[in-house]
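Handing you this structure, nothing more for now.
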Amino acid sequence: MFGVWAFRMLFPGQIEESQINLILLLLAASLPAFIAGVIEDFTKRVSVRVRLAATVASSLLASGLLGATLSDLNIWGIDSLLVFAPVAIVVTAVIVAGAANAVNIIDGFNGLSSSTIILMSAGLGAIAWQYDDAFVMTLAALSGGAACGFFLLNYPAGKLFLGDGGAYFLGFWVAEMAVLLLVRHAEINAWQVLGVCAYPIIEVLFSIYRRRFIQNVSPGAPDALHLHTLVFRRVVFKHVRRDPVRSWKRNAGVIWFISPVVALCIAGSVFLGHSVSSAILLVAMQLALYVAAYGRVVRGRWSVRTRRPVLMDTVEADDVSTVS
């Protein structure tokens, strides 16, 4: 949040005057999500429900202050309900809150969440460029720039951590960029935008399904079986040697396996997802790729010779101490 504000103060001439008030309104709308996350960072006493409610409140503020309310999702049956303002506002709030929480879920290893924010900002900014939307391009430059600055300190050694406050703020900002693109350009299909933001959303939806229907536990319970955690334990752990001096080395290795795939998926959605059918296909391919990758890591078929599935490998304490 402070990175976005700093860019605004240091480079005022780079932002049109007509955009400044809208940016300030979006910053104001982000405050509930940001504050709830910061309080959780310092106290560890803010429940998942309270944080979810805070992100919903931020979305409702954005709907009121900027008119950021979805009216078309390219989903038969749902779109006919979105003509009713209360339904559209609630659906938008749920989507934005879910996306913000999704970014917080992938904030597990050095550089992972910030690199994902950078890639999603670049993808949404590219779509905005295709439709000559200077405002959303500015929002993308602000979030991408702030995430890049953080990335330089967080990766590889974890000298600075994002925390819940930063994760909720950046997740909310990217989600609002996606909403504003759809609100401002009816010709953009929602599936293309979803394809750009798919990785963290698929992660959270799959995690909810896995916890609720496979493990039979609360979706809000602590979890150590996210894809990025399993990649760390089952892939990075096998390929990257333990370094007593650079204890963060394995932690930093997670994005080597995840970020390139995310970048390719986002590029595909940006350049090939202009029609609804092609965009749906690309989202379905990302979902299939995620499920396949998760299944292979669980079964131990990547760099693991035994067929015995071991999800809870023992890891050295210093390898997890630098988790961001």
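Every read-out reported here was derived from the displayed coordinates using simple, explicitly stated rules and does not represent laboratory data. All figures in this text were calculated on a predicted structure; none of them were measured in a lab. Methodologically, a virtual Cβ is constructed for each residue, glycine included, from the backbone with ideal geometry; neighbour enumeration extends over all protein chains shown.
Yes or no: region 69-78 includes at least one residue that is of a type in the set (Ser, Thr, Tyr) and not in a loop (DSSP other than H, G, I, E, B).
To start, the set of residues in region 69-78 that are of a type in the set (Ser, Thr, Tyr) comprises 69, 71.
Next, only the ones that are not in a loop (DSSP other than H, G, I, E, B) stay: none.
Checked against the condition, which is being of a type in the set (Ser, Thr, Tyr) and not in a loop (DSSP other than H, G, I, E, B), region 69-78 yields no hits at all.
Scan region 234-274 residue by residue and report those that are β-branched (Val, Ile, Thr) and within 18 Å of the chain's Cα centre (by Cα).
Our first condition is that a residue be β-branched (Val, Ile, Thr); within region 234-274, this holds for 235-236, 240, 245, 254-255, 258, 261-262, 266, 270.
Result: Val254, Ile255, Ile258, Val261, Val262, Ile266, Val270.
Within region 132-162, take every residue that is without any contact (Cβ under 8 Å) to a residue 60 or more places away in the chain, out of contact with any His (no Cβ under 9 Å at 6 or more places or on another chain) and not in a helix (DSSP H, G or I) and give me the one that is surrounded by the most Cβ atoms within 10 Å (Cβ to Cβ).
Going through the qualifying residues, I end up with Leu160.
Moving on to the next point. Given the structure, is Asp223 surrounded by fewer than 19 Cβ atoms within 10 Å (Cβ to Cβ) and of a type in the set (D, E, K, R)?
Against the criterion (surrounded by fewer than 19 Cβ atoms within 10 Å (Cβ to Cβ) and of a type in the set (D, E, K, R)), Asp223 qualifies.
Okay, moving on. List pairs: first residue in region 23-34 and farther than 12 Å from Arg51 by Cα, second residue crowded, with 19+ Cβ neighbours inside 10 Å and of a type in the set (Ser, Thr, Tyr) anywhere in the structure, Cβ distance under 7 angstrom, at least six positions apart or on different chains.
Ala29/Ser58; Ser30/Ser58
Among Ala53, Ala93, Ala57, Ala36, which is the only one that is closer than 22 Å to Ile188 by Cα and either of a type in the set (A, V, I, L, M) or in a helix (DSSP H, G or I) (or both)? Working first, answer last.
Values: Ala53 fails: closer than 22 Å to Ile188 by Cα; Ala57 fails: closer than 22 Å to Ile188 by Cα; Ala36 fails: closer than 22 Å to Ile188 by Cα.
It is Ala93.
Give just the number: which of (1) in contact (Cβ under 8 Å) with a residue 60 or more places away in the chain; (2) under 19 Å from the mean Cα position of the chain (by Cα) does Ser71 not satisfy?
Failed condition: (2).
Restricting to region 104-121, give me the number of residues that are in a helix (DSSP H, G or I) and within 13 Å of Ala147 (Cα to Cα).
From region 104-121, those in a helix (DSSP H, G or I) are 104-105, 112-121; that's our starting set.
Still in the list and also within 13 Å of Ala147 (Cα to Cα): 112-121.
Total meeting the criteria: 10.
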